Amino acid sequence: MILASIKRIITDHKKIRMAGIIFLLVLFPALILFWNALPDPLFDEPFSAVILDRDGKLLGASIASDDQWRFPPDAELPEKFVQAITCFEDRRFFSHPGVDPLAVARAVWLNVRKGRIASGASTITMQVIRLSRKGQPRTFPEKLIEMVMALRLELSLSKKEILALYASHGPFGGNVVGLQAAAWRYFGRGPERLSWAETAMLAVLPNAPGLIHPGKNRRRLREKRDMLLDRMRTRGIIDPLSCQLAKPEPLPPKPHPIPMLAPHLLARIRKAAASLGEGNPSEIQYPESEAHRIRTTLRRDIQVRATGIINWHHRSLAGNGIHNAAALILDVETGNVLAYVGNIPEFDDIDHGNYTDIITSPRSTGSILKPLLYAGMTEAGELLPTQLVPDIPTRMGGFAPENYSRTYQGAVPAYLALARSLNVPAVRMLRSYSVDRFHALLKRLGMTTLHRPAADYGLSLILGGAEGTLGEITGIYAGMARRVNHFHRVGAEGPAFFPPRHLSGSRRDDENPARSPTKNVRKNSSVDDPLSAGSCWLALEAMLEVVRPGEESAWRDFGSSRKIAWKTGTSYGLRDAWAVGVTPRYAVGVWVGNADGEGRPGLTGITAAAPILFELFGLLDIRGWFDRPEADLVAAEVCAKSGYRAGPHCAENKTVWMTRPGLRSAPCPYCRIIHCDAGLGWRVHGECERVFAIRPVRWFVLPPAMEWYYKRKHSDYRPLPRYRPDCLESLTGSDAASLSLIYPGKSGQIYVPVELDGRRGRTVLEAAHRLPETTIFWHLDDEYIGESRDIHQVEVAPEPGRHTLTLVDEPGERLERRFTVLSKDR
């Protein structure tokens, strides 16, 4: 009996084990199939590229590659939409596991009673599955598949995430997909700002997007919307008054255009993203999940108003055939871009290159680089701010720079030469500093458009011979301001010169560039900066002296409390007009011209770009000015006349700020001791005057060529007194030098072009005399060719080859210079 019972138990146990094994063999594959039922990713659809300002406000979006307006998924949905969509589509959404048994039973009963499919019992989760399996027929087997996949989806995602998928991929009529795109297309604002009536209209659209949308069947759409409002009132979601007030709201008349407040920045970001997708380096450093929704550093309010200013000026500029303009506004401390207007945002006009992003396009720099040369020379101690720089007709080989006004001042303080943007002093300063050094300095400051060797640019580098972008140049100016600011800020990290940042990290990162995850900011000591705070401050102070355009216009409102350091530039041929300005908080850059490079009369920095610059600064709080970095500077005495470091013969000195290397600069070369008679009316010397009657006098004396132009602008300039006639006979040495040759220059080479009729061309030789009324006798190759008085110019037609020019004035002073006339084949 006992043995039989044991055998029966063993037998039954084996059967149970066998049944268990069979069950597991069947169940386990089913579980595997169930767990892997969802594709990865669930949706494989392209998204629109969306850019936001720093506060998350929409700036613009591009249509997806499948021609659908489909914004990236939202992590958070407005509570109004959650209430409306669950009330309309799935009121037990938050309680069922993906399939609603009550809804299934109700659907079966209705379908059997009516003899047709009257209800599908689809939950929102099942609709998400159906949207992901687009194109599948609506059959009973397909419905079972949707149920299984919905159950599986509920195990992977939260209810909140499932709703976000539905709101992002649901059809809302036409080529509009997703709640965000629908809200902007139909109402012109984000879904979080919609009313109950507007939210209800969007909630009923995905149910039948092909039949009812704002473009047609408006009565049917309104009935469905009002039905949903009544249902929400009945269920206590909204109160009766809200329902009553919502129903009279009209439906939107037609779709709104998606905002395009920064179209060129959007295109730039899309291009960078495409480059990243191809495996190329990119400035975009966002996670893949955020690759289509980019938060920028822009401020929407400033962007809108800056674009309005550009458009307003464009209307008047276009009358002169000037069709393009761009502007960039930066926050100095962080380098963040606050406004990015890459060009005129009118894309219906395809003939004028409005699609070109000028901010990233290399353009001829004109004079916009002059402050950087000024800063570089003061940094090295090779230039003092007050130091006189020659401003006379100049020829260096085949290069003959001219000032924009085509006039000369003889000599001008360096800071005024910068403020007045004089070309001749700038070229002379660059020759002294050397093109190679300046080329290297520009690269260290952040210019990436200098692709050729320094020798290829030559001295024209300072006058627009190179190309730069508005973004980089504005960033460099911001770096100068940042360098001065960092000097006074304890614990400031990182270099002052880095490219502008238009992509945002966290808000905390945007306010502190040292924490930024971008590659733009490197954590190095500020000693790596190519310019010191002192040289930057001196350049910014010089740029304060620039006279603002149009005294009769609104810029007179900018009082002394609103200081701006600014500079203009105009390229050769009037093709590019620049204006860049900085304050301790902001940097603004403006470019005006034609994208195709066509020059136009009046297209200059001062007339075309500067007015825009100052209106843009009017949008900003620009109070305050830079503190002087006194520890980086030294106060020293300079000659009151020449601005050089005070020498032993300077009659009057003054104290100015300079960089420490400036203490090693040359002393004043223009002040010297001269000897006059007792009445100070004649110059004399020991051979013609008794020694006790000679009066030594300190005198400021410029070389003849500089003096010729200088005294025309400075009525207080006192030329050297003449030698008393009886003193001329015994005078020897260079002390008598009154004669100077202006052209040909010391380079000794000139080119005389051939006239249109084939005849040999003519050139004008020019000289200067300390006493203009003195007659000068001209000889070419020992042959007399004429004389001049007052204006010392002679026209000649020399043959190609070597020549000797000899000048002799009335008192007998002689000057000789050899020069070569280049032939056409050279």
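For the range 684-698, the criterion of a residue being surrounded by 17 or more Cβ atoms within 10 Å (Cβ to Cβ), within 25 Å of Ala646 (Cβ to Cβ) and in contact (Cβ under 8 Å) with a residue 40 or more places away in the chain is satisfied by no position. Just give me the residues in the range 411-428 being open to solvent by 20 Å² or more (accessible area, probe 1.4 Å) and of a type outside the set (S, T, N, Q), in sequence order. Listed by number, the residues that qualify are Pro413, Tyr415, Leu416, Arg420, Arg428. In the range 709-723, the residue that is modelled with the lowest pLDDT out of those that are within 44 Å of the chain's Cα centre (by Cα) and open to solvent by less than 30 Å² (accessible area, probe 1.4 Å) is Tyr709.
Annotation note: Cβ proximity below 6 Å between a residue of the range 578-605 that is free of Cβ contacts under 8 Å to residues at least 40 places away in the same chain and part of a strand (DSSP E or B) and a residue that is buried (at least 23 other Cβ atoms within 10 Å of the Cβ) and β-branched (Val, Ile, Thr) (sequence gap 6+ or interchain) occurs for Ala579/Thr568; Ala579/Val590.
Within the range 671-716, the residues that satisfy the criterion of being part of a loop (DSSP other than H, G, I, E, B), touching a Gly at 6+ places or on another chain (Cβ under 9 Å) and within 20 Å of Ile392 (Cα to Cα) are Leu702, His714. Scan the range 771-794 for residues that are touching a Leu at 6+ places or on another chain (Cβ under 9 Å), more than 21 Å from Met396 (Cα to Cα) and either among the charged types (D, E, K, R) or open to solvent by 80 Å² or more (accessible area, probe 1.4 Å) (or both) and the total you get is 1. Give the residue that is farthest from Ile309 (Cα to Cα), with candidates limited to residues of the range 339-382 that are of a type in the set (S, T, N, Q) and crowded, with 24+ Cβ neighbours inside 10 Å. Within the range 339-382, the match that is farthest from Ile309 (Cα to Cα) is Thr378.
Of all the listed residues (Thr394, Thr386), the sole one being modelled with pLDDT under 95, open to solvent by 10 Å² or more (accessible area, probe 1.4 Å) and part of a loop (DSSP other than H, G, I, E, B) is Thr394. Selection of the range 610-657 for residues being in a helix (DSSP H, G or I) and crowded, with 17+ Cβ neighbours inside 10 Å yields Ala610, Pro611, Ile612, Leu613, Phe614, Glu615, Leu616, Phe617, Asp632. Inclusion of Asp331 among residues that are of a type in the set (Asp, Glu), under 29 Å from Arg270 (Cβ atoms), surrounded by fewer than 24 Cβ atoms within 10 Å (Cβ to Cβ) and in contact with a Phe, Trp or Tyr (Cβ under 8 Å, 6 or more places away or on another chain) is warranted. Kindly check whether there is at least one residue in the range 753-760 that is touching a residue at least 24 places away in the same chain (Cβ under 8 Å) and closer than 26 Å to Gly410 by Cα. Checking the range 753-760: not a single residue is touching a residue at least 24 places away in the same chain (Cβ under 8 Å) and closer than 26 Å to Gly410 by Cα. For the range 445-464, the candidate set comprises residues that are in contact with a Phe, Trp or Tyr (Cβ under 9 Å, 6 or more places away or on another chain) and in contact (Cβ under 8 Å) with a residue 60 or more places away in the chain; within that set, the residue that is surrounded by the fewest Cβ atoms within 10 Å (Cβ to Cβ) is Ser460. If you go through the range 192-210 and keep only what is modelled with pLDDT of 90 or more, open to solvent by 10 Å² or more (accessible area, probe 1.4 Å) and outside any loop (DSSP other than H, G, I, E, B), you end up with Glu192, Arg193, Trp196, Glu198.
Considering every residue within the range 795-805, establish whether at least one is more than 16 Å from Ser738 (Cβ to Cβ), of a type in the set (Val, Ile, Thr) and surrounded by fewer than 17 Cβ atoms within 10 Å (Cβ to Cβ). Looking through the range 795-805, at least one residue is more than 16 Å from Ser738 (Cβ to Cβ), of a type in the set (Val, Ile, Thr) and surrounded by fewer than 17 Cβ atoms within 10 Å (Cβ to Cβ).
Mind checking whether some residue in the range 559-570 is loosely packed, with under 14 Cβ neighbours inside 10 Å and modelled with pLDDT of 55 or more?
Looking through the range 559-570, none of the residues is loosely packed, with under 14 Cβ neighbours inside 10 Å and modelled with pLDDT of 55 or more.
A search for C-beta distances below 9 Å between a residue of the range 344-360 that is modelled with pLDDT under 80 and any residue that is open to solvent by 80 Å² or more (accessible area, probe 1.4 Å) and aromatic (Phe, Trp, Tyr), counting only pairs 6+ apart in sequence or on different chains, returns Phe347/Tyr355. Those strands (runs of 3 or more DSSP E) of the range 770-826 in which at least 1 residues are over 21 Å from Ile750 (Cα atoms), considering only elements entirely within it, cover 776-780, 783-788, 801-809, 814-822. Among the residues of the range 640-665, those identified as out of contact with any Gly (no Cβ under 7 Å at 6 or more places or on another chain) and of a type in the set (Lys, Arg) are Lys641, Arg645, Lys654, Arg660. Taking the conditions exactly as written (farther than 20 Å from Thr469 by Cβ, free of Cβ contacts under 8 Å to residues at least 24 places away in the same chain, surrounded by fewer than 21 Cβ atoms within 10 Å (Cβ to Cβ) and of a type in the set (D, E, K, R)), does Arg406 satisfy them or not? Taking the combined requirement at face value, the residue satisfies it.
The values are calculated or read from the model by the stated rules, or taken from the named source; none is laboratory data. Quick caveat, the model's predicted, so the values are computed rather than measured. Counting neighbours? That spans all protein chains shown, and the Cβs are built from the backbone with ideal geometry, glycine included. Note: areas computed on protein heavy atoms with side chains; ligands, DNA, RNA excluded. Shrake-Rupley method; radii C 1.70, N 1.55, O 1.52, S 1.80 Å.
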